[in-house]
1. Any residue at all in region 171-183 that's under 25 Å from residue 357 (Cα atoms), touching a residue at least 60 places away in the same chain (Cβ under 8 Å) and in a helix (DSSP H, G or I)?
2. Collect the residues in region 492-506 that are surrounded by 14 or more Cβ atoms within 10 Å (Cβ to Cβ), touching a residue at least 60 places away in the same chain (Cβ under 8 Å) and over 25 Å from the mean Cα position of the chain (by Cα), keeping them in residue-number order.
3. Limited to region 19-47, what total is found for residues that are in a helix (DSSP H, G or I), surrounded by fewer than 18 Cβ atoms within 10 Å (Cβ to Cβ) and at pLDDT 80 or above?
4. Is region 57-78 home to any residue that is touching a strand residue (DSSP E or B) at 6+ places or on another chain (Cβ under 7 Å), at pLDDT below 85 and part of a helix (DSSP H, G or I)?
5. Looking at region 352-389, which of its residues are surrounded by fewer than 18 Cβ atoms within 10 Å (Cβ to Cβ) and either without any contact (Cβ under 8 Å) to a residue 24 or more places away in the chain or part of a helix (DSSP H, G or I) (or both)?
6. Would you mind telling me which numbered condition in (1) surrounded by 19 or more Cβ atoms within 10 Å (Cβ to Cβ); (2) within 23 Å of the chain's Cα centre (by Cα); (3) assigned to a helix (DSSP H, G or I) residue 288 fails?
7. Among the residues of region 115-129 satisfying the criterion of being surrounded by fewer than 18 Cβ atoms within 10 Å (Cβ to Cβ) and within 11 Å of residue 388 (Cα to Cα), which is nearest to the chain's Cα centre (by Cα)?
8. Looking for whichever is surrounded by fewer than 24 Cβ atoms within 10 Å (Cβ to Cβ), in a helix (DSSP H, G or I) and either in contact with a helix residue (DSSP H, G or I) (Cβ under 6 Å, 6 or more places away or on another chain) or at pLDDT 90 or above (or both) here; the options are 323, 294, 301, 330. Which one fits?
């Protein structure tokens, strides 16, 4: 990193703080304004903010590492951009009409207050355990790789780049979320997306130019790395968890192989839950003034969601090809000495390929990714706690009090993020891999109650409540089984006794177990609903497709035009083209 690179990063932070200051001047002390930006976000801000919230630094580094190791296998998740079209065309009308702040609040309107409490509490626990921990882990790893020379000497203690960078970014992100709320998050997300796309796009261009073009990439990577559909059982795969000797102990790494069957059935369940029902994502659409704006924002986000294939996964493959062809001798030497270095493909390309100035721009892009995802989870958690829990406990609380509780909740989340640092700093990879499976265990019941609830008017509050209880119980049970093995706790370094019930459960591929939870949740929801009284038609009026009024249908039809259809068609066309092209 040169002086020019640091100047570019400094300019980025100056812009960030400038946007936050501008937002603070516009903010009013109301819940609508603080948590949903006054429900006045424009469509392009909504789309950019949805994309920025999704793309964390772990996403950038992880996708590039996967590209260098396995090719386009992980592109399945990016091609789930069609799930955002489901949000745009199926769920946006219900969410906007109901004027809700949170997803649990929508469940209360459709089903019951019990369902709202269950989803609120589980969502808060999941956000803290997964999204915050993963973001902090990956952000620290990025700083440690790109800025190894950054150190502070305090007496006999040396504070390295992992601590310095992570603490600064967590504090800065928490600061602008606390003072600016949703509006600060959304507008800074828009700025961060521009920097991220520009920096990462330039990395792809520089890499292809150095390699000699797309044809050379295909030549050096081979057909297998260009194949989206992997066989069910890859050579040498022994179950879901793979033991690796490291630092004198057994560390358990999540196997990142994705067979076609799991990607075909499980991945869409996770995708539809995440993009259509997760507070972390949907809160941006709730900040729209009307159906038209929310829909167009979601469609714009679906188009942006296609970009990671070309600006993260492809650079990882380019890094592999540059090393294999010896076009960049330093990369070839690194990969020869340490095959595991492929996981650091993105920062290695930044280090060895980009000129001064652009290197600083891409590092700023990585900082953008980390800050965007952290800001999103801070804002989502504070909204869930304030609106779904505190406001229920204190129904007479004023607007100003609720805003201050939201700020305090964000401050607590900042402290929790800092508390995670010692844990993730010394983790060897098991925690990160394990947390990627958490959503596979907890998402299915949420997917079931939202999608079945909107499409099936006969399903009632009892069915929803017990579907979530049973589904979450199965998910938490699997997490309890996996946790000691994942973290290599004493007595579990070698896993469970082979052939035992716990060993079998631990070795069921996580995507297949996720499908199992989905099926059980669906059976429970339908069964309990039909064994109990049908819901009151007045309660569910306008909250399912079958109970929409003619006026509601007409307003929805008038809210979209040819531009929305064209944008959706472009997204679907690119997805279909990608699946046809990446077949090996």
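1. From region 171-183, those under 25 Å from residue 357 (Cα atoms) are 172-173; that's our starting set.
Restricting the remaining residues to those that are touching a residue at least 60 places away in the same chain (Cβ under 8 Å) gives 172-173.
Pick out the ones that are also in a helix (DSSP H, G or I) and you get 172-173.
Scanning region 171-183 turns up at least one residue that is under 25 Å from residue 357 (Cα atoms), touching a residue at least 60 places away in the same chain (Cβ under 8 Å) and in a helix (DSSP H, G or I).
2. Once the filter is applied, which keeps residues that are surrounded by 14 or more Cβ atoms within 10 Å (Cβ to Cβ), touching a residue at least 60 places away in the same chain (Cβ under 8 Å) and over 25 Å from the mean Cα position of the chain (by Cα), region 492-506 yields 493, 495.
3. Result for region 19-47: 4.
4. yes
5. Narrowing region 352-389 to residues surrounded by fewer than 18 Cβ atoms within 10 Å (Cβ to Cβ): 352, 355-357.
Result: 352, 355.
6. (3)
7. This residue is 121.
8. Working: 323 fails: surrounded by fewer than 24 Cβ atoms within 10 Å (Cβ to Cβ); 294 fails: surrounded by fewer than 24 Cβ atoms within 10 Å (Cβ to Cβ); 301 fails: surrounded by fewer than 24 Cβ atoms within 10 Å (Cβ to Cβ).
Sole residue among the options that is surrounded by fewer than 24 Cβ atoms within 10 Å (Cβ to Cβ), in a helix (DSSP H, G or I) and either in contact with a helix residue (DSSP H, G or I) (Cβ under 6 Å, 6 or more places away or on another chain) or at pLDDT 90 or above (or both): 330.
The values are calculated or read from the model by the stated rules, or taken from the named source; none is laboratory data. Since the model is a prediction, treat every value here as computed from it, not as a measurement. Reconstructed Cβ throughout: ideal geometry from the backbone, glycine too, with neighbour counts over all protein chains shown.
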